[in-house]
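Just dropping this structure here.
The values are calculated or read from the model by the stated rules, or taken from the named source; none is laboratory data. All of these numbers come straight from a predicted model, not from anything done at the bench. Note: ideal-geometry Cβ built from the backbone for every residue, glycine included; neighbour counts use all protein chains shown. Remember, those area values only see protein heavy atoms, side chains included, never the ligands or the DNA or RNA. Shrake-Rupley method; radii C 1.70, N 1.55, O 1.52, S 1.80 Å.
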Amino acid sequence: MASAQKVCWHEHTQSELQQILPQLDVVLVPTGSVEIHGPHLGVGNDILSCTRVAEEVARIMYPRILVAHALWLGVAPHNMTAQFPGTITLTARTYMLVLQEIVESLLKHGVKRVVFINGHGGNEAPNITACREIREHLHYKCGMDLQIGTLSYWEVISPEVWSQVLEINPQGRIGHGGEAETSILLAVAPQAVRMDLVKPPDPRPRLAPPFFRAWYQDEYSPNGHTDDARAAKKEKGEKLVNAAVKGIVAALERFIEYKPLGTQAHPGEHVFPMAPGGIQAK
């Protein structure tokens with residue numbers, strides 16, 4: 001049997017995977033981004049952070065959980081600006097198709113549940129849409145009952161933890177290139193942080209929710225980040241990562257145990273009305 005420390009899909013041989021698959025409840029797929037985060041953070045911030053969180057979750061739940069490192073790129077066209085080199089992005093369409101093909105590959109090996117552990121705000125809407133389209137495709141067109149979901153790691157961190165950890169803007173939480181993200185990267189990949197290059201964020205306002213306006217990063221910040229990182233510390237990042245891991249473990253247990261409501265053999269099955277004469281309407 002493989003070592004309990006081998007929580008990543010790609011670290012296992014085919015014979016090891018054959019032993020693990022019958023015990024496997026969920027495969028986690030980290031989804032992040034390679035994009036600018038101001039002058040002080042490595043462009044891999046989002047994928048590095050969510051990957052670490054996913055791996056720590058898998059260490060707790062192994063062998064019921066494995067992590068598939070299948071995708072480094074995300075949806076980040078808003079950070080593709082001339083003065084900020086570093087962003088590599090996919091279109092939303094390509095990104096969602098890649099997610100679908102990753103899930104289909106896992107399904108063919110007998111995986112029954114997949115969860116995207118997200119670390120990039122630009123992936124949130126595509127991840128939700130991809131989950132719906134993947135389930136639609138697999139359930140209705142292929143007759144496969146695979147459960148799929150998505151979760152951004154910061155969503156499970158409680159307001160109490162945010163307020164205890166962050167000094168500058170506890171309500172802002174995971175703001176782009178700010179105290180939280182910089183603290184987390186100091187904890188998981190300190191070699192990708194340059195605290196000597198930290199600058200205060202630009203004060204230019206942006207339209208607040210619920211109104212969404214399509215934007216590019218250079219419209220809001222001359223340095224490519226929107227939040228203040230000057231109070232970032234490794235210890236803060238460790239507390240945020242630990243809170244995220246704890247929250248995701250609890251969420252995954254609920255996901256694994258969840259039973260769809262109702263008694264239909266195929267929940268949500270499309271029912272088309274009958275046309276006159278008994279012919280099913282299209």
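Using a 1.4 Å probe over the heavy atoms of the protein chains, calculate the carbon and sulfur portion of the accessible area of the range 11-138 as a whole percent.
On the way: 2820 of 5120 Å².
Ligands and nucleic acids excluded, carbon and sulfur reach 55 percent.
So how much accessible area does GLU235 have, in Å² to the nearest 10, using a 1.4 Å probe?
Accessible surface of GLU235 is approximately 110 Å².
Among DSSP bridges having both ends in the chain, what percentage is antiparallel? Round to the nearest 5.
Numbers: 3 of 19 bridges.
In the chain, DSSP labels about 15 percent of beta bridges as antiparallel.
Then there is this: Using a cut-off of 14 Å between alpha-carbon atoms, which aspartates and glutamates can reach LYS239, once sequence neighbours fewer than 8 places away in the same chain are excluded?
Correct list for LYS239: GLU56, GLU160, GLU167, GLU179, GLU181.
In addition: Please give the peptides 182-192, 45-55, 12-22 ranked by average Cβ packing (other Cβ atoms within 10 Å per residue), highest first, as a rough proxy for protection. Could you put the intermediate results ahead of the total?
Working: 182-192: 20.9, 45-55: 25.6, 12-22: 12.6.
Sorting 182-192, 45-55, 12-22 by mean packing, highest first, produces 45-55, 182-192, 12-22.
Could you tell me the ratio Rg/Rh of the range 118-201? Both radii from Cα atoms, Rh via Kirkwood. Kindly include the intermediate steps, with their values, before the conclusion.
Working: Rg = 17.6 Å, Rh = 15.5 Å.
With Rh from the inverse mean 1/r over Cα pairs, Rg/Rh is 1.14.
Any chance you could look up the accessible area of ARG213 with a 1.4 Å probe, heavy atoms only, rounded to 10 Å²?
90 Å²
Let me ask something else about it. Using a probe radius of 1.4 Å on heavy atoms only, what accessible surface per residue do you get for the range 175-224? Whole Å² is fine.
Numbers: 2810 Å² over 50 residues.
Dividing the accessible area of the range 175-224 by its residue count gives 56 Å².
Got a sec? What order do LYS112, LYS6 fall in by accessible area at 1.4 Å, biggest, i.e. largest, first? Walk me through the intermediate numbers first.
Numbers: LYS112 110, LYS6 50 Å².
Descending accessible area places them as LYS112, LYS6.
Remind me, relative contact order of the chain in percent, using alpha carbon pairs under 8 angstrom and six or more residues apart? Provide the component values of the computation, followed by the final result.
Values: 483 pairs, mean separation 58.2, N = 282.
Once divided by the residue count of the chain, the mean separation gives 21 percent.
Another question, if that's okay. Could you state the accessible area per residue of the range 17-145 in Å², with a 1.4 Å probe and every protein chain left in place?
Working: 5260 Å² over 129 residues.
The answer is 41 Å² per residue.
Can you compute the equivalent ellipsoid semi-axes for the range 60-195, i.e. the square root of 5 times each eigenvalue of the Cα gyration tensor, sorted largest first and rounded to whole Å? Walk me through the numbers before you get to the answer.
On the way: eigenvalues 184, 75, 40 Å².
Values for the range 60-195, descending: 30, 19, 14 Å.
In addition: Angle, helix 234-257 long axis vs. longest principal axis of the chain, Cα atoms, 0 to 90°, nearest 10?
Computed tilt is about 10 degrees.
If you wrap a convex hull around the alpha carbons of the range 133-263, what volume per residue comes out, as a whole number of Å³? The partial results should precede the final answer.
Details: hull volume 23.3 nm³, N = 131.
For the range 133-263, the hull spanned by Cα atoms encloses 178 Å³ per residue.
Further, regarding this structure: How are the Cα pair distances of the range 39-123 distributed, in percent, across 5 Å bins from 0?
Final binned percentages: 3, 12, 21, 22, 19, 12, 7, 3, 1, 0.
Applying 1/(1 + (r/R0)^6) with R0 = 35 Å to the Cβ-Cβ distance of THR94 and ALA231, what FRET efficiency is obtained, to the nearest 0.05?
Working: r = 37 Å, r/R0 = 1.07.
Computed FRET efficiency for THR94 and ALA231: 0.40.
Using a 1.4 angstrom probe and counting only protein chains, how large is the accessible area of TRP9 in Å², to 10?
The accessible area comes out at roughly 50 Å².
Please name which of PRO159, TYR220, PRO170 has its Cα lying farthest along the dipole of the chain towards the positive end, using unit charges on Cβ (Lys, Arg +1; Asp, Glu -1) and the Cα centre as origin.
Of PRO159, TYR220, PRO170, it is PRO159.
Return the equivalent ellipsoid semi-axes of the chain as a descending list in whole Å, where each equals the square root of 5 times an eigenvalue of the C-alpha gyration tensor. Don't skip to the answer; put the middle values down first.
Working: eigenvalues 251, 120, 60 Å².
Semi-axes, largest first: 35, 25, 17 Å.
How large is the helix-only mean residue ellipticity at 222 nm for the chain, computed as the sum of -39500 (n - 2.57) over DSSP H runs with n ≥ 4, divided by its residue count, in deg cm²/dmol to the nearest 500?
Values: 7 runs with 94 residues, N = 282.
Helix-only estimate at 222 nm: -10500 deg cm²/dmol.
Rg to Rh ratio, the range 6-81, alpha-carbon atoms and Kirkwood radius?
Rg/Rh: 1.10.
Mean separation of Cα pairs under 8 Å and 6+ residues apart, divided by the residue count of the range 59-163: what relative contact order is that in percent?
Values: 88 pairs, mean separation 25.5, N = 105.
After rounding, I find 24 percent.
OK, next. Exceeding 20 Å between C-alpha atoms, which entries from my cross-link table qualify? They are LYS6/LYS233; LYS112/LYS141; LYS112/LYS259; LYS199/LYS233.
Working: LYS6/LYS233 29 Å; LYS112/LYS141 17 Å; LYS112/LYS259 14 Å; LYS199/LYS233 15 Å.
Those over the limit are LYS6/LYS233.
Report, to the nearest 10°, how far helix 92-108 tilts away from the longest principal axis of the Cα atoms in the chain, using its own Cα long axis and a range of 0 to 90°.
On a 0 to 90 degree scale, this one is about 50.
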